[in-house]
Amino acid sequence: MKSLSILGSTGSIGTNALKIAEMFPDRFRVRVLAAKNNVIMLAEQIRIFSPDFAVVFDEKSALMLKKNISGSGVEILFGNDGYRAAASYAPVDMVIAAMVGSAGLIPTLSAIDAGKNIALANKETLVMAGEIVIKKAGERGVKILPIDSEHSAIFQCLAGHRKEDMQKIFLTASGGPFLNLPLNEFDRIKPEDAMNHPTWQMGRKVSIDSATLMNKGLEVMEAGYLFGVSPDDIEVIIHPQSVIHSMVSYKDGSVIAQMGIPDMKGAIAYAMSYPERLSIGQPLPDFEAIGSFTFQKPDYEKFPCLGLACSAGKTGGTLPAVLNAANEVAVEAFLNGRISFRNIPEVIEKTMGRHFVIAYPELSDILEADIWARRIAEEQLG
């Protein structure tokens with residue numbers, strides 16, 4: 001029986017992880033649930049899984065949640081102390097880190113400090129502080145198992161092969177909803193258009209990141225840290241069918257691909273049960289209906305966020321944290337109607353341009369860079 005703490009339980013990754021836990025009650029026990037402020041959904045999850053305690057973002061949400069689960073006996077915590085408690089709870093074997101954005105960094109580090117294995121969906125943790133996180137995990141003997149479908153695919157393609165024989169990682173991208181939209185029509189893109197992903201079902205922020213291809217740039221950085229390779233060893237390739245989740249080539253010319261339907265449950269289940277595989281009822285791709293796989297290079301002019309992310313990853317230091325913070329501010333501004341879709345990369349680039357990079361940052365430097373970038377990005381918004 002594996003005991004779980006799920007950070008981000010009301011998001012798309014968290015809800016799918018709970019579905020898998022519910023399918024295998026003899027294998028998984030949910031000991032902790034943590035969310036932001038979706039009190040109604042979290043209350044229902046508490047009723048189903050009866051965790052030892054649950055965590056929300058603030059005191060107001062905590063009071064609302066207590067009313068919703070009155071009589072359950074489940075303790076409710078809130079704030080940063082609550083998230084750290086959720087990540088380091090002694091009875092837990094694995095922490096599923098599925099919080100959105102930079103909020104996932106400190107809880108993930110708390111989980112590593114407590115010696116908990118991590119099923120990682122929060123790519124921003126490695127984008128902001130990859131060297132610190134990977135080093136600390138190695139020192140504590142903590143396994144970090146990827147949940148992102150692309151990184152799970154790479155992990156599977158590398159299994160059983162010598163790393164020194166690897167030549168290149170091909171990180172696939174669907175291209176998002178605007179792959180074939182002319183650049184001169186980008187000004188009319190609305191938030192609901194950007195969230196209408198052609199192949200994946202994701203949360204609001206990740207959907208926008210996918211539409212700008214920022215998500216793929218963040219994944220390049222994440223892959224570099226997870227698999228110990230340089231950005232030059234990773235190539236982004238557009239694959240609109242989203243069946244090949246990523247590929248790895250080797251020095252003898254072989255290319256190994258991992259395929260599956262565009263559904264996160266497979267990658268989540270593999271991380272939760274590794275090294276075993278669970279029978280979760282996933283259908284195989286309908287190859288006959290798909291007909292053919294297509295590939296193309298990304299268009300950096302239409303999607304400058306990808307180039308900005310790759311540039312930040314190569315520079316390193318505090319610049320990836322600045323890029324990530326500016327992106328979070330710009331995406332939220334777009335979702336709230338404050339800026340246009342094409343303004344998103346402009347805000348990010350201007351913020352990055354004003355940053356003095358610290359090449360070998362401590363955690364405090366990264367957190368300060370995050371705060372600074374949010375302030376500067378807000379200034380760009382007026």
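Throughout, read-outs are computed from the coordinates displayed, never taken from laboratory work. Since this is a predicted model, take the numbers as computed values, not measurements. Here the Cβ positions follow ideal geometry from the backbone for every residue, glycine too, while neighbour counts run over all protein chains shown.
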Between S72 and E368, what is the spin-label point distance in nm, taking each point 7 Å from the Cα along the Cα→C-beta axis?
4.1 nm
What does the highest-first list of 230-239, 355-364, 105-114 look like by mean Cβ count within 10 Å?
105-114, 230-239, 355-364
Starting with the fewest neighbours, write out L218, L183 ranked by other beta-carbon atoms found within 10 Å of each beta-carbon.
L183, L218
With a length cut of 18 Å (Cα positions projected on each helix's long axis) and a Kyte-Doolittle mean of at least -0.5, go through the chain and give me the DSSP H helices that pass.
123-140, 214-227, 319-335, 363-381
Projected area averaged over orientations for the stretch 6-55, convex hull of C-alpha atoms, nm²
3.0 nm²
What's the magnitude of the charge dipole for the chain around its Cα centre, counting Lys and Arg as +1 and Asp and Glu as -1 at the beta-carbon? Answer in Debye, nearest 20.
660 debye
Given all pairs of different Cα atoms, what value in angstroms does the Kirkwood hydrodynamic radius of the chain take?
21.3 Å
If I model a spin label as a point 7 Å beyond the Cα along the Cα-Cβ vector, how far apart are those points for R342 and Y300 in nm?
2.0 nm
In Å and whole numbers, how far do the C-alpha atoms of the stretch 2-146 stretch along each principal axis, longest first?
43, 34, 25
How much of the DSSP bridge set in the stretch 151-310 is antiparallel, in percent, rounded to the nearest 5?
65 percent
Taking every DSSP bridge whose two residues both lie in the chain, the antiparallel percent to the nearest 5 is 25 percent
Just to confirm my numbers, what's the Cα centroid distance between the stretch 194-256 and the stretch 149-171 in Å?
13 Å
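Which FRET efficiency value, to the nearest 0.05, is calculated for N37 and R162 with the Förster distance at 45 angstrom and r the Cβ-Cβ distance?
Step by step, r from the Cβ atoms, then E = 0.45.
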Order of Y274, Y225 - criterion: other Cβ atoms within 10 Å of each residue's Cβ, fewest first
Y274, Y225
With a 30 Å threshold on alpha-carbon distance, the violating pairs from K168/K265; K36/K216; K163/K302; K135/K297 are K163/K302; K135/K297
The answer for R29, listing residues at least 5 apart or on another chain whose modeled amide H is closer than 5 Å to its amide H, is K2, S3, L4
Simple SL model, points at 7 angstrom along Cα→Cβ for E378 and L284; separation in nm is 5.4 nm
Starting from the coordinates of the alpha-carbon atoms of the stretch 207-306, obtain the Kirkwood hydrodynamic radius over all distinct pairs and give the value in Å to one decimal.
15.6 Å
Working out 0.36 nm times the residue gap between N196 and I48, then minus their Cα-Cα distance, what length gain in nm do you get to one decimal?
50.2 nm
